[in-house]
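Notes follow the structure.
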């Protein structure tokens, strides 16, 4: 009778089975590591974990992590959506509502702008600090602790009586947003199978848009006192994460980097139950910097990986770990411990602890930008920063969810109901786009969806500009909804997980920290500049700028951004290391024609 995971190979019947030997890029002769006893199943029918498909355990973990993204979306949308119920801009009608809490908080126009923008300042602070914290205590633990910022910010905002009190709550909430925007995507990318990284990674932006939609609907339904309950919703979501997220495993890549080898293997077996994880295990080891890799192999390698061992019953070829269970039989080449020691030494010789060409294995931001890490990541740094900038510079968030939104330019400012429902409809249009991205990003690829999204946004910006100059508001509203749809189909969702899947593990924290910092810096700059432009007489030209940026982004993605779908990070880094280069190829077959593809 086969155990529960005995037919794990049937989960991904369409994928090709890879051999563990083919995935052993480090040169080590290692055993195959399974999640069940080998004597109970036919090991030849086990699939490589890199071909693993849908996993309920990974899905529930990603859904828990996505609550942080919903908190970010709620924080981004709540202030602008609830302005009329929160603010009072005159020294009158400040009567108390419940106890000591007034119905409104007295703001000036400048203090309200500060309260809106200070969230991005906190986001920048959180993004800058998150990388060091995550490398010290782990991705999962950082997310758990980060919920304290969401909880504290919600309490401060919900109990605010002055503008300063409310702004401090927004700042604390922004720190939580900055940490979550960095670590949540890194954690999801490190626990997801290669073929499903896009599906699971798209949950972050989908949850963020759900949070924005929730704020729009809540703002349309609440009265003058219920806004305190609305701003406290992220605190409720944070409590769910605090209770449930510690029950999930830590990222295997972080555990290996921290030299917790047994815990890392246990986490990988938990995430890939029923699959052969040997090749993926070796990829995790190889993705770290050379010094940490060699130190791990030399000091912490257990018998099941580095040497022959026997179980407690004395049967040869099997190793039983108290936390992991029975592992696989050993390869013939690892029967002797001396052979294993020779293999480790030869591997250390193949991977020197420090490069001799002036490069370093330190994953610092400056070393990474200058190409002084183990792999020259300059091309990938520029591509990652560009796609993250495009997400902000396309203008969707500012145009739809700011104080001076496009909808408010089309409707009577004295009657905010049409404006509010126009924003709600635009958010609803983003939901099917997010679902489409979720299910197609791994099959179509990242580049095609980015190109479709940027091209569609360029066309929509042209239509909006025409409508603003010549007056048909129906054209403007239709183009606005289409713009929101195509944005969330590609450029809105992909940059969040593109960074983590295109960067080796030893530099991932520095790369994601840099990308999220750029995102929040641009958020601060746009929040200061765009409202002033929208209030001026030249606001019609704003979408000309947005359309131009989308067109330039289309060209950049077509020429420079590599495809990462269903590809191992090591292969991406190896192929696209070095200075800037084109990934668009020209093939001569009879007549000249251009082909957009990967650089080989």
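Assorted remarks:
- Simple spin-label estimate for residue 574 and residue 431 in nanometres, 7 Å along Cα-Cβ: 4.5
- Distance between the modelled labels on residue 469 and residue 109, one decimal in nanometres: 2.9 nm (7 Å Cα→Cβ projection).
- Model label points for residue 129 and residue 524, set 7 angstrom from Cα along the Cα-to-Cβ axis, are 1.5 nm apart.
- Nearest-0.05 FRET efficiency for residue 101 and residue 239, computed from C-beta distance (R0 22 Å): 0.50
- Order of 365, 62 under a 10 Å beta carbon neighbour criterion, fewest first: 365, 62
- For segment 53-265, averaging the sequence separation of C-alpha pairs within contact (under 8 Å, six or more residues apart) and dividing by the residue count gives a relative contact order of 35 percent.
- Annotation: the residues 135, 276, 571, sorted from fewest to most other C-beta atoms within 10 Å of their own C-beta, follow the order 571, 135, 276.
- Taking other Cβ atoms within 10 Å as a rough exposure proxy, 260, 576, 581 sort from fewest to most as 581, 260, 576.
- Cα pair distances exceeding 33 angstrom across segment 53-265, given as percent: 20
- Residues residue 366 and residue 59, FRET efficiency given R0 of 30 Å [Cβ-Cβ distance, rounded to 0.05]: 0.20
The numbers here are math on the coordinates, done by the rules we state, and not lab data. Treat the numbers as computed from the prediction; the structure is a model and nothing was measured. Because the Cβ atoms are built from the backbone with ideal geometry, glycine has one as well, and the counts that use them run over all protein chains shown.
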